[in-house]
Amino acid sequence: MPYGLSSHCVYSSCDSDLEVFTPFINLPPRSLTEYYETIKQPVSLRSVMNKVIGFHGRAGATGFTELKSWDAFEGEMRKIWENCREFNQEGSEIYTLAGELQVCWASLEYSVSS
């Protein structure tokens, strides 16, 4: 189930067909050294999906999740928008988009628990 939720956030804005969350799919490039100096636990939607399916580099997916509880999965997702807000300026487009991702996540989480 978590894989479906994170996939949904990658490809949907919850309210439209626009792929508005694509900036969160991958981590910033390694050349953005300031980001990696500031953010100690970088997380992207892809890294969350890889943890869900147990993907480890070139070895491929194991099928065994690294996230052993809903709380662990939720915590990884939460780091995405928390990291974004920590690094980016309040009011910037990406900062605002992080809030939209958080709202999308909350609505998906609610629909799963209902």
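Each reported figure results from applying straightforward, stated rules to the coordinates on display, with no laboratory input. For clarity, every value in this text was computed on a predicted model and none was experimentally measured. A quick note on method: Cβ atoms are made from the backbone with ideal geometry, for glycine too, and the neighbour counts reach across all protein chains shown.
A few remarks follow.
- Efficiency of FRET between Val103 and Ile25 - r from beta-carbon atoms, R0 25 angstrom, step 0.05: 0.90
- A simple rule links phi to the HN-Hα coupling: the Karplus curve 6.51 cos²θ - 1.76 cosθ + 1.60 with θ = phi - 60°, which for region 92-98 gives 6, 4, 5, 4, 5, 4, 4 Hz, with x for Gly and Pro.
- For Phe55, the residues whose amide H sits under 5 Å from its own are Thr62, ignoring neighbours fewer than 5 places away on the same chain, with H placed 1.01 Å from N.
- Counting 0.36 nm for each residue step from Tyr36 to Ala72 and taking away their Cα separation leaves a gain of 10.7 nm.
- Loop chymotrypsin sites (Phe, Trp or Tyr not before Pro), region 35-100 (other Cβ atoms within 10 Å of the site Cβ: 11 or fewer; DSSP): Phe64
- Karplus-derived 3J(HN,Hα), 6.51/-1.76/1.60, for each residue of region 41-53, Hz, glycine and proline x: 10, x, 9, 10, 4, 5, 5, 5, 4, 5, 5, 5, 8
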